[in-house]
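Before any comments, here is the structure.
The values are calculated or read from the model by the stated rules, or taken from the named source; none is laboratory data. Quick caveat, the model's predicted, so the values are computed rather than measured. Here the Cβ is made from the backbone with ideal geometry for all residues, glycine too, and neighbour counts use every protein chain on show.
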Amino acid sequence: MRTEEEAFECLKGRFADRFGNMAGRALAFASAPGRVELAGNHTDHQGGRTISTAIDRQMFALAAPNGEGVIRVSMEGFGEAAIDMGDLEPRAEERGSSAALVRGMAAAYVRAGGELRGFDAVTCSDIPAGCGVSSSAAFEMLTGLLIRALCDPEGLDPRRSLVRLALDGSWAEDVHFGKPTGAQDQLASAFGGIVALDFAGAEPRVSPVSFDVRASGHALFLVDSRCDHSRHTDEFVAVPADMFAVARRFGRERLEDVLFEEFLEDLAGVRAELGDRAALRALHYFEETRRVAAQRRALEEGDFPAFLALVRQSGMSSAQFLQNVSPRADASGAEQPAMVVLALCAHLLGERGAYRIHGGGFGGSVLAFVPDAKAEAFRAQMDALLGFEACLPVAIGAPGACARRIG
């Protein structure tokens with residue numbers, strides 16, 4: 001992983017190579033972390049609760065005004081994007097691309113009354129893509145902060161709402177990128193630390209969670225399944241679609257506004273109209289958002305064994321009821337890499353620690369809480385069993401997204 005100083009030096013060289021001399025140009029330098037979801041799988045988009053944390057993997061950017069009507073971004077490992085500021089409407093051919101996110105963040109800024117100015121930017125990243133640690137959300141926060149830094153004299157005022165920045169990112173990912181989500185990923189990257197997120201109200205509530213993972217006696221690993229979850233966006237999108245369909249049956253917009261008892265009373269009707277998959281996903285939601293509240297209490301009271309027991313319950317619910325572990329594109333079941341990782345976690349950990357599918361699922365990675373005494377052996381054995389370096393150790397509670405002007 002690069003330090004901020006190393007990233008800055010790297011970006012200065014890349015900027016000079018791509019866009020020319022920086023001498024005399026006002027610059028903006030920004031960073032944004034990836035995130036892991038400690039509790040609450042597929043609850044944010046239904047108005048529920050989650051606990052998320054920024055991790056020690058970051059994305060960095062360096063930018064300068066170009067005096068033109070275009071935003072150009074050269075991304076390490078992801079090519080380039082050039083966005084005409086006079087054309088910020090979503091483009092079908094850009095869906096699923098970084099260009100869509102740049103256009104979306106620029107459009108969100110204009111929607112809020114901002115005045116865009118053209119700029120050139122280069123990025124580099126230590127956040128692994130496609131394994132569920134929200135590289136796209138980090139990129140959105142990075143782009144949004146660059147726009148604020150270069151286009152708005154007050155844009156970096158700490159009194160300005162990070163919640164607004166995160167919601168802009170969620171909107172861009174939905175409307176421009178083509179992946180409807182809640183704003184959990186963006187809020188975790190924007191705020192940093194460990195945060196409890198409550199989406200029940202008109203605006204998300206963000207509360208810091210006091211928890212020292214080092215005192216828990218456990219290490220955290222993300223185990224990569226080598227199945228890029230972005231390949232299965234259609235199956236990801238079907239999860240909130242099923243939940244929204246259940247809510248609409250009760251005349252509500254989201255499941256948080258449906259009484260659990262009301263749902264249970266009409267369970268037969270839900271199954272008859274919408275099918276068992278939608279009913280099971282709704283059942284997962286109601287239990288999962290309650291579980292998050294219990295997990296927060298366990299962390300804040302220092303009861304880590306209780307927290308781990310709830311993680312195991314969450315993992316079972318995601319696999320059995322939410323059904324977001326294995327993609328079912330060809331209906332054969334021949335490829336189930338994330339389920340294999342879960343099976344190996346069960347084999348290596350038994351009743352110790354905990355593990356669950358991480359993030360949106362359908363591949364990506366598995367989050368494992370491993371006792372310190374077993375951490376090195378777990379990593380070595382998992383990597384050997386899978387045949388590649390699968391285990392990524394993560395430190396949680398990292399600082400959130402930030403930017404500063406230079407010169």
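So the values come out like this:
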| quantity | calculated |
| --- | --- |
| Residue in segment 186-199 that is out of contact with any His (no Cβ under 8 Å at 6 or more places or on another chain), farther than 30 Å from Ala298 by Cα and part of a helix (DSSP H, G or I) present | no |
| Residue in segment 375-388 that is in the same structural domain as Thr233 (by TED's automatic domain parsing) and assigned to a loop (DSSP other than H, G, I, E, B) present | yes |
| Candidate set: segment 97-122, residues that are in contact with a Ser or Thr (Cβ under 8 Å, 6 or more places away or on another chain) and under 28 Å from Ile51 (Cα atoms); chosen: the one surrounded by the fewest Cβ atoms within 10 Å (Cβ to Cβ) | Leu101 |
| Search result, residues across segment 128-154 that are assigned to a loop (DSSP other than H, G, I, E, B) and surrounded by fewer than 24 Cβ atoms within 10 Å (Cβ to Cβ) | Pro128, Ala129, Gly130, Asp152, Pro153, Glu154 |
| Residue in segment 31-76 that is nearest to Phe15 (Cα to Cα), counting only those that are part of a strand (DSSP E or B) and among the β-branched types (Val, Ile, Thr) | Val73 |
| Identity of the residue in segment 271-301, under 20 Å from Ser52 (Cβ atoms) and without any contact (Cβ under 8 Å) to a residue 12 or more places away in the chain, that ends up surrounded by the fewest Cβ atoms within 10 Å (Cβ to Cβ) | Glu301 |
| Candidate set from segment 346-394 (those that are charged (D, E, K, R) and within 29 Å of Thr43 (Cβ to Cβ)); member that is surrounded by the fewest Cβ atoms within 10 Å (Cβ to Cβ) | Glu351 |
| Conditions (1) of a type outside the set (Ser, Thr, Tyr); (2) touching a Pro at 6+ places or on another chain (Cβ under 8 Å); (3) more than 25 Å from Leu187 (Cα to Cα): number failed by Ile55 | (3) |
| Members of segment 250-270 that are part of a helix (DSSP H, G or I) and surrounded by fewer than 17 Cβ atoms within 10 Å (Cβ to Cβ) | Asp257, Phe260, Glu261, Glu262, Leu264, Glu265, Leu267, Ala268, Gly269 |
| Residue match in segment 125-135 (condition: within 21 Å of the chain's Cα centre (by Cα) and more than 23 Å from Gly178 (Cα to Cα)) | yes |
